[in-house]
Amino acid sequence: MNIGYKMYEALGISREVYEYGETVAGNLAERFAGIDATAEYNQLKVLRGMQDHQVSEACLLGTTGYGYNDLGRDTLEQVYASVFHTEDALVRPQITCGTHALALALMSNLRPGDEILSPVGKPYDTLEEVIGIRPSRGSLAEYGVTYAQVDLLPDGGFDYENIRRAINGRTRLVTIQRSKGYQTRPTLSVARIGELIAFVKEIRPDVICMVDNCYGEFVEIQEPSDVGADMVVGSLIKNPGGGLAPIGGYIAGRRECVENAAYRLTSPGLGKEVGASLGALKDFYQGFFLAPTVTAGALKGAIFAANIYEGLGYDVVPDGRESRHDIIQAVTFGTPEGVVAFCQGIQAAAPVDSHVNPEPWDMPGYDAQVIMAAGAFVSGSSIELSADGPIKPPYAVYFQGGLTWEHAKFGILRSLQSLVDKGLLGAEDVVRASEKSKKSLS
Ligand SMILES: *Cc1c(COP(=O)(O)O)cnc(C)c1O
């Protein structure tokens with residue numbers, strides 16, 4: 001069934017844009033059924049983790065002060081460990097964001113003289129300062145930890161020969177970023193991450209393989225920890241927080257790795273024993289429970305966006321048909337105006353702050369101006385409908401999130417409307433794309 005144009009019209013969508021959206025969405029029914037099946041599997045996986053660890057009403061309450069014997073915190077960490085199939089997990093509101101979780105995992109498991117290897121090219125922008133690729137106060141480089149990098153091959157494959165050459169006696173940790181981040185390379189599937197880890201472990205079984213799992217959680221039925229990762233790390237204001245977690249990060253992995261992280265987060269000697277959960281636990285649990293279906297909605301939005309913009313002739317990564325391994329969609333507009341119009345459209349679709357018009361600004365941790373659209377219930381949450389675009393070539397935007405598919409769909413149509421309203425696209429271009437899309441259906 002189709003709800004008709006009326007509500008879309010009331011929200012400022014033109015008939016051409018609406019009809020194009022209906023055609024594109026109609027073509028995606030089969031893909032969406034596959035996403036629903038993944039969500040169903042992951043829903044049961046999370047439910048089972050909660051039941052096996054006997055999550056009780058008392059777990060939802062939380063502690064203050066030192067936070068000794070925080071039943072809810074300790075149980076939640078067991079639930080994460082069972083969902084990720086790891087020995088242990090650290091899931092805390094004291095981990096302020098994804099970058100902090102990654103920095104913590106690195107700094108706690110590396111010692112002076114060790115080397116980090118990234119065999120998948122440059123890591124996420126904010127990690128450049130953590131590692132010291134861009135000199136920064138307090139970086140790992142200042143503590144005598146060195147960094148080596150092997151880029152992906154031009155076709156996106158692993159450069160096994162140079163990875164083998166880069167692994168030396170000092171290599172202590174291999175960092176693998178699952179998602180593309182602010183790059184236009186393909187995202188890595190869990191299966192491919194597994195192949196890379198197997199290759200590394202064959203050369204040096206004792207090397208720690210860490211996966212930056214941001215935006216990847218629950219997109220597949222397996223996680224990198226199911227294919228040999230020693231640590232998976234991510235942010236709770238992305239997928240696993242389900243839109244409800246107001247802050248936080250997680251590290252799930254081998255007991256020793258997680259303990260090292262806990263001793264660094266709090267203090268040597270204290271480790272996981274302290275760290276009050278304050279009032280965050282109910283949202284952590286409920287968000288984790290909702291995360292599989294929230295991620296599915298965001299994934300549908302990303303695929304819809306790919307097909308909408310691909311049909312209009314823009315470069316999109318991943319393309320409209322590719323299999324998905326994270327919730328990020330890149331669309332290349334080629335001009336700063338396109339990036340700005342897209343992000344302003346996403347903002348205009350928000351439930352919060354839809355009347356605010358975002359502008360590019362100098363965001364800490366990034367080397368170019370960035371425009372961000374985020375009218376979110378949780379500030380900066382990118383499992384909620386959001387987009388960001390660094391104002392530098394190739395002038396691509398990175399779109400992600402949407403707590404529901406319905407909202408993600410509207411957001412994409414609103415972004416397209418913004419491009420039309422600003423004269424960057426003609427209504428006739430939309431009609432033409434619509435005709436083409438109808439043909440591909442029949
Ligand atoms: C978001 C993200 C990070 C950093 O997380 P923040 O919460 O923004 O600090 C790191 N790596 C990847 C791939 C990300 O997507």
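The values are calculated or read from the model by the stated rules, or taken from the named source; none is laboratory data. No experiment lies behind these values; they were computed from the predicted model shown. Positions of Cβ are generated from backbone atoms using ideal geometry, with glycine treated the same way; all protein chains shown enter the neighbour counts. Areas reflect the complete protein model, heavy atoms only, side chains present, ligands, DNA and RNA absent. Shrake-Rupley method; radii C 1.70, N 1.55, O 1.52, S 1.80 Å.
Exactly one condition in (1) more than 16 Å from the ligand (Cβ to nearest atom); (2) hydroxyl-bearing (Ser, Thr, Tyr); (3) surrounded by fewer than 18 Cβ atoms within 10 Å (Cβ to Cβ) is not met by residue 136; state its number.
Condition not satisfied by residue 136: (1).
Taking the conditions exactly as written (touching a Gly at 6+ places or on another chain (Cβ under 9 Å), open to solvent by 20 Å² or more (accessible area, probe 1.4 Å) and closer than 26 Å to residue 377 by Cβ), does residue 247 satisfy them or not?
Answer is yes for this residue.
Is there a residue in segment 142-165 that is surrounded by 20 or more Cβ atoms within 10 Å (Cβ to Cβ), touching a Gly at 6+ places or on another chain (Cβ under 6 Å) and outside the structural domain of residue 325 (by TED's automatic domain parsing)?
No; the residues of segment 142-165 include none that is surrounded by 20 or more Cβ atoms within 10 Å (Cβ to Cβ), touching a Gly at 6+ places or on another chain (Cβ under 6 Å) and outside the structural domain of residue 325 (by TED's automatic domain parsing).
Somewhere in segment 399-418, is a residue within 16 Å of the ligand (Cβ to nearest atom), open to solvent by 10 Å² or more (accessible area, probe 1.4 Å), among the aromatic types (Phe, Trp, Tyr) and at pLDDT below 95?
Scanning segment 399-418 turns up no residue that is within 16 Å of the ligand (Cβ to nearest atom), open to solvent by 10 Å² or more (accessible area, probe 1.4 Å), among the aromatic types (Phe, Trp, Tyr) and at pLDDT below 95.
Considering only segment 222-281, state which residues are hydroxyl-bearing (Ser, Thr, Tyr), within 21 Å of residue 177 (Cα to Cα) and more than 15 Å from the ligand (Cβ to nearest atom).
225
Determine whether residue 279 is touching a helix residue (DSSP H, G or I) at 6+ places or on another chain (Cβ under 8 Å) and either of a type in the set (Gly, Ala, Ser) or under 22 Å from residue 396 (Cβ atoms) (or both).
no
Of all residues being more than 22 Å from the chain's Cα centre (by Cα) and without any contact (Cβ under 8 Å) to a residue 40 or more places away in the chain in segment 314-360, which is surrounded by the fewest Cβ atoms within 10 Å (Cβ to Cβ)? Just the residue, please.
355
What are the residue pairs meeting all of these: first residue in segment 163-175, first residue under 16 Å from residue 121 (Cβ atoms), second residue open to solvent by 60 Å² or more (accessible area, probe 1.4 Å), Cβ atoms under 9 Å, and 6 or more apart or on different chains?
These pairs meet every condition: 166/149.
Going through 206, 212, 230, 125 one at a time, which residue ends up being open to solvent by 20 Å² or more (accessible area, probe 1.4 Å), among the charged types (D, E, K, R) and assigned by TED's automatic domain parsing to the domain that holds residue 261?
Selected residue: 206, the only one of 206, 212, 230, 125 that is open to solvent by 20 Å² or more (accessible area, probe 1.4 Å), among the charged types (D, E, K, R) and assigned by TED's automatic domain parsing to the domain that holds residue 261.
I'm trying to understand the selection: among the residues of segment 382-391, which are at pLDDT below 95 and either within 12 Å of the ligand (Cβ to nearest atom) or of a type in the set (Lys, Arg) (or both)?
Correct list: 382, 388.
Test each condition in (1) part of a helix (DSSP H, G or I); (2) more than 20 Å from the chain's Cα centre (by Cα); (3) of a type outside the set (Asp, Glu); (4) more than 16 Å from the ligand (Cβ to nearest atom) for residue 35 and report the one that comes out false.
(2)
Here are the criteria: (1) in a loop (DSSP other than H, G, I, E, B); (2) open to solvent by 10 Å² or more (accessible area, probe 1.4 Å). Tell me which single one residue 103 does not satisfy.
Every condition holds for residue 103 apart from (1).
Among (1) among the small types (Gly, Ala, Ser); (2) in a loop (DSSP other than H, G, I, E, B); (3) modelled with pLDDT of 95 or more; (4) crowded, with 19+ Cβ neighbours inside 10 Å, which single condition is residue 21 missing?
Only one criterion in (1) among the small types (Gly, Ala, Ser); (2) in a loop (DSSP other than H, G, I, E, B); (3) modelled with pLDDT of 95 or more; (4) crowded, with 19+ Cβ neighbours inside 10 Å is unmet by residue 21, namely (2).
Starting from residues that are within 15 Å of the chain's Cα centre (by Cα) and farther than 16 Å from residue 355 by Cα, keep the ones in segment 369-386 and report whichever is most open to solvent (accessible area, probe 1.4 Å).
380
Which one of 281, 299 is touching a Gly at 6+ places or on another chain (Cβ under 6 Å) and surrounded by 20 or more Cβ atoms within 10 Å (Cβ to Cβ)?
Going through 281, 299 in turn, just one is touching a Gly at 6+ places or on another chain (Cβ under 6 Å) and surrounded by 20 or more Cβ atoms within 10 Å (Cβ to Cβ): 281.
Tell me which strands (runs of 3 or more DSSP E) are completely within segment 194-253 and hold 1 or more residues being without any contact (Cβ under 8 Å) to a residue 40 or more places away in the chain, or say none if there are none.
Here the list reads 208-212.
Taking segment 157-193, which residues are in contact with a strand residue (DSSP E or B) (Cβ under 7 Å, 6 or more places away or on another chain), in a helix (DSSP H, G or I) and among the β-branched types (Val, Ile, Thr)?
163, 193 - these are the residues of segment 157-193 that are in contact with a strand residue (DSSP E or B) (Cβ under 7 Å, 6 or more places away or on another chain), in a helix (DSSP H, G or I) and among the β-branched types (Val, Ile, Thr).
Restrict the check to segment 185-196 and report whether at least one residue is within 16 Å of the ligand (Cβ to nearest atom), open to solvent by less than 10 Å² (accessible area, probe 1.4 Å) and closer than 27 Å to residue 379 by Cβ.
no
Looking at segment 73-100, which of the residues that are within 16 Å of the ligand (Cβ to nearest atom) and closer than 21 Å to residue 282 by Cβ is surrounded by the fewest Cβ atoms within 10 Å (Cβ to Cβ)?
By that ranking, first place goes to 96.
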